[in-house]
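Q: Shown below is the structure under consideration.
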Amino acid sequence: MTAVPGQRPAPATRPNAGHAAEDDLRQLFGQSIAVFAALAGPTHVVEAANPAFLATIGEERARTGVAIAELMPELAEQGFLALLDEVYRTGEPYTGRDARVVLGAGAQAREAFFDFTYEPRHDADGAVTGIRVIGVETTQVKHAQRLMAEHRALLEQIARQAPLPEVLDGMARCIENLAPQEVLVSVLLADPDGRHLRHGAAPSLPDFYNQAIDGIATGEGVGSCGTAAHRREPVIVTDIAADPFWDDFRGLAERAGLAACWSTPILARDGSLLGTFAIYHRTPRIPKDTDLALIQVFTGTAALAIERHHIEQAKVAAEARARAAHDQLAEAVRAERELRGEAERRAATAAELAARMRAAAAAQAARPRPERCQLGGDPGCTAAAEIKVADSWGDSAWGCPIHVEEAILHVRSVFIASEELGGLAGYLNR
């Protein structure tokens, strides 16, 4: 990481600065929010500094009479000590705008931004004796600008109907990147009945942790998220190791390296539960006003994304139901047409059969009645011909009651054609 390139104004007139001028500067910046430090000699020993400077570098390092390289060794790799050396050598001031600097190291490191000036100090003869460091921290402004840009990008994702997992994952990563200290973000989604919470997004939490809490119940004392969902209000647990809400999950949190969890319910406009938004920390922590403001902004954004997702899901489901109903109606119409066609074909066939039967009966009516049964086969039958039978093909014959009965049982479409007996009913009742 290096200092942001700055501007070099034209060399200023080298005043014969005395101790009085130095005292005036120290008094001017004594209670200012601007950082001020007077560095002396080629090693840049911190000769004097105002409270804002000492607070910026951290209370554990707040002292003077020490070279800046010893006091803040992290500046060397970031290029700021090289800039001090150049200003001391050339006597030309240097101004940086929105310069990014990482203060501290390890778990205590934090990102900050400054507008600053390295201004050379001169003795009565004009020789450079040291450097004045004057700066204004712009970290909050820079973070606010980044927050606005990231938030605008999220809203654009929601507007173009990006998949909900993509939106929530992007939101979680955005917050994790914007936070000055390490945080881990989790979003859980409520089941339709509001009784359980399902995994939504948690890009930095371990997989085993996400799997363990996927489907947890909402209720009093069920961790931070389950309780927040149950109460419909934020639940701030600053120390998981000592909070009773985490009795059932303390071992899991310890395994995941989690020490604090601030959870906020995500509510729809009608007050129904949509899910929870949680921020985890590696060390016990109490939220600041800026933390709460950040949570409020992104909880509202999450609610917007989830509600939009539910609306789209309902729309898709309604369209699917409409398509299914249309398909069912079309199938019913098709089946009705087939049945009607089949009924019409059967009716036509029956009408044709009846016509053929009538025609057969009419054709046979004129034939003379034989004396003997015609249905006896090759051996013949000597019984008297009493009943006339016919079929739909126009064939007919006279026979005795026994052979007529056999014909009716064994020959298809045979009917009694004897008008004297009144048809089959007459035969059965003879």
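The values are calculated or read from the model by the stated rules, or taken from the named source; none is laboratory data. Because the structure is a prediction, the values reported are computed rather than measured. Backbone-built Cβ (ideal geometry, glycine too); neighbour counts: all protein chains shown. These area figures cover heavy atoms from the full protein model, side chains too; ligands, DNA and RNA do not enter into them. Shrake-Rupley method; radii C 1.70, N 1.55, O 1.52, S 1.80 Å.
Q: Kindly indicate the residue of segment 36-65 that is open to solvent by less than 60 Å² (accessible area, probe 1.4 Å) and of a type in the set (V, I, T) and also farthest from the chain's Cα centre (by Cα) among those meeting that condition.
A: The residue in question is V45.
Q: Can you name every residue in segment 265-280 that is without any contact (Cβ under 8 Å) to a residue 60 or more places away in the chain and surrounded by fewer than 23 Cβ atoms within 10 Å (Cβ to Cβ)?
A: L267, A268, R269, D270, G271
Q: Any chance segment 181-194 includes a residue that's at pLDDT below 85 and on the phi < 0 side of the Ramachandran plot?
A: yes
Q: I need a count of the residues in segment 190-227 that are under 20 Å from the mean Cα position of the chain (by Cα), in contact (Cβ under 8 Å) with a residue 40 or more places away in the chain and under 15 Å from I279 (Cβ atoms).
A: Total satisfying the criteria: 4.
Q: Tell me whether segment 147-160 contains one or more residues that are in contact (Cβ under 8 Å) with a residue 24 or more places away in the chain, of a type in the set (V, I, T) and over 30 Å from A217 (Cα atoms).
A: Within segment 147-160 (the criterion being in contact (Cβ under 8 Å) with a residue 24 or more places away in the chain, of a type in the set (V, I, T) and over 30 Å from A217 (Cα atoms)), the answer is no, since none of the residues qualifies.
Q: Within segment 123-139, identify whether any single residue is closer than 27 Å to P284 by Cβ and either open to solvent by less than 70 Å² (accessible area, probe 1.4 Å) or part of a helix (DSSP H, G or I) (or both), and answer yes or no.
A: yes
Q: Scan segment 387-409 and report the pairs whose first residue is among the aromatic types (F, W, Y) and whose second residue is in a helix (DSSP H, G or I), with Cβ atoms within less than 8 Å and a gap of 6+ or a chain change.
A: W393/R356; W393/A360
Q: Being of a type in the set (V, I, T) and touching a Phe, Trp or Tyr at 6+ places or on another chain (Cβ under 8 Å) is the filter; apply it to segment 108-140 and report the residue that is modelled with the lowest pLDDT.
A: T139
Q: Considering (1) more than 15 Å from Y280 (Cβ to Cβ); (2) touching a strand residue (DSSP E or B) at 6+ places or on another chain (Cβ under 7 Å); (3) part of a helix (DSSP H, G or I), say which one F245 fails and leave the rest.
A: (1)
Q: Taking the stated definitions as given, is D239 open to solvent by less than 70 Å² (accessible area, probe 1.4 Å) and either within 19 Å of A172 (Cα to Cα) or over 23 Å from the mean Cα position of the chain (by Cα) (or both)?
A: Considered against the rule, which asks whether it is open to solvent by less than 70 Å² (accessible area, probe 1.4 Å) and either within 19 Å of A172 (Cα to Cα) or over 23 Å from the mean Cα position of the chain (by Cα) (or both), D239 comes out as yes.
Q: Look at R173 and say whether it is under 30 Å from A212 (Cβ atoms), open to solvent by 30 Å² or more (accessible area, probe 1.4 Å) and in contact with a Pro (Cβ under 7 Å, 6 or more places away or on another chain).
A: On the way: under 30 Å from A212 (Cβ atoms): yes; open to solvent by 30 Å² or more (accessible area, probe 1.4 Å): yes; in contact with a Pro (Cβ under 7 Å, 6 or more places away or on another chain): yes.
Answer is yes for this residue.
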